[in-house]
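The values are calculated or read from the model by the stated rules, or taken from the named source; none is laboratory data. Not measured: the values here are computed from a predicted model. In this analysis, Cβ positions are derived from the backbone assuming ideal geometry, glycine residues included, and neighbour counts consider all displayed protein chains.
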Amino acid sequence: MTTRLSLFDSPMFLGFDHFERTIDRLKKTSDGYPPYNIEQVSENQLRITLAVAGFTMDDLDVELENNQLTVRGKQTDDSDERIFLHRGIAARQFQRSFVLADGIEVKGASMDNGLLHIDMTRVIPEPQIQKIEISNNKKSNGTTAKNVIDVEGDK
């Protein structure tokens, strides 16, 4: 049995094991096809642009599952019907994945001149303050004493 050490093995990082799985998924996606750009359109808007020349909208599939955005392209092979003297443009299928941070929402996708644009927005969550009740397990006269501590602190 081999033990793999990681930064997330520390007891200070409780519940961060999904980050390690995300990093492992990112390591597996090393193919450079199709090329893409990621741009920040405004303060809270992002856009991924993939060069998908030769693909139609029907050949492409964009899917979001568990913060992983996946773009798949599959063309029908019509090489039996055509005779190529030189074939330098491959009609190959692809799958490109992007792991999105929490708070990133995909707003839509569009095609323009062989480029697939996927628009996203960063949603800034409202801060949540939660009061945690502390109970005293010592029972005196059949009652439980309770104190409330303000997690945010006194202001």
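Within region 91-134, the set of residues being surrounded by 10 or more Cβ atoms within 10 Å (Cβ to Cβ) and free of Cβ contacts under 8 Å to residues at least 12 places away in the same chain comprises just one member, SER110. Residues in region 68-85 that are modelled with pLDDT under 90 and not hydrophobic (A, V, I, L, M, F, W, C) were compared, and the one that is nearest to the chain's Cα centre (by Cα) is GLN75. Being part of a loop (DSSP other than H, G, I, E, B) and at pLDDT 90 or above is the filter; apply it to region 97-127 and report the residue that is farthest from ASN67 (Cα to Cα). Checked region 97-127; the qualifying residue farthest from ASN67 (Cα to Cα) is ASN113. Condition check for VAL52 on (1) under 17 Å from ASP119 (Cβ atoms); (2) at pLDDT 95 or above: one failure, at (2).
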